[in-house]
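Colleague: Handing you a structure now.
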Ligand code: SF4
Ligand code: SF4
């Protein structure tokens with residue numbers, strides 16, 4: 001049973017700075033937006049390379065809660081705008097029936113006695 005509720009969460013997972021996508025994900029985005037794969041790659045992603053990583057990452061936008069979130073996130077409604085075409089990593093997250101951030105959020109809201117409270121992550 002799922003022990004988290006994304007509908008009451010401001011979308012912390014979409015603020016991760018490195019949301020890596022595969023060639024398959026980029027091709028799906030391209031189809032969704034009726035673009036070529038190269039257009040989708042340039043418009044929606046950038047190349048991130050360090051000694052430890054070599055990834056294609058989703059671009060971000062500014063956000064009033066987490067400073068920066070995925071470019072596909074609706075910062076008012078707090079939801080993904082491309083749910084049907086979202087990358088695999090977003091489909092898998094949080095990799096089980098629990099979400100650590102949701103537990104943290106629930107705990108902080110209970111202690112603040114405020115169901116709208118958003119703790120700094
Ligand atoms: S951080 Fe957890 S509860 Fe919040 S939207 Fe992501 S998966 Fe859902
Ligand atoms: S594609 Fe959608 S689910 Fe994935 S990080 Fe962006 S807004 Fe969140």
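What follows draws every value from the coordinates through simple rules; no lab data is involved. This is a predicted model, so every value here is computed, not measured.
Colleague: With contacts defined as alpha carbon pairs under 8 Å and 6 or more residues apart, what's the relative contact order of region 1-102 in percent? Don't jump to the answer; show the numbers that get you there.
Modeller: On the way: 117 pairs, mean separation 37.9, N = 102.
Answer for region 1-102 is 37 percent.
Colleague: Shape call for the chain from the C-alpha gyration tensor, a ≥ b ≥ c root eigenvalues: rounded (a/c under 1.5), prolate (a/b greater than b/c) or oblate? It would help to have the intermediate numbers written out before the result.
Modeller: Working: a/c = 1.99, a/b = 1.94, b/c = 1.03.
Cα axes put the chain in the prolate bin.
Colleague: Can you classify region 37-89 as rounded, prolate or oblate using the Cα gyration tensor, where a ≥ b ≥ c are the square roots of its eigenvalues, rounded means a/c under 1.5, and otherwise it's prolate if a/b beats b/c and oblate if not? Walk me through the numbers before you get to the answer.
Modeller: Details: a/c = 2.12, a/b = 1.41, b/c = 1.50.
Cα axes put region 37-89 in the oblate bin.
Colleague: Can I ask one more? Looking only at 51, 106, 98, which one moves most when the chain is put into a Gaussian network model with springs between Cα atoms under 10 Å?
Modeller: Result: 51 has the largest fluctuation of those listed.
Colleague: Sticking with this one: Which one of 57, 19, 82 has the biggest mean-square fluctuation once the chain is modelled by GNM with Cα springs under 10 Å?
Modeller: Maximum among the listed residues: 82.
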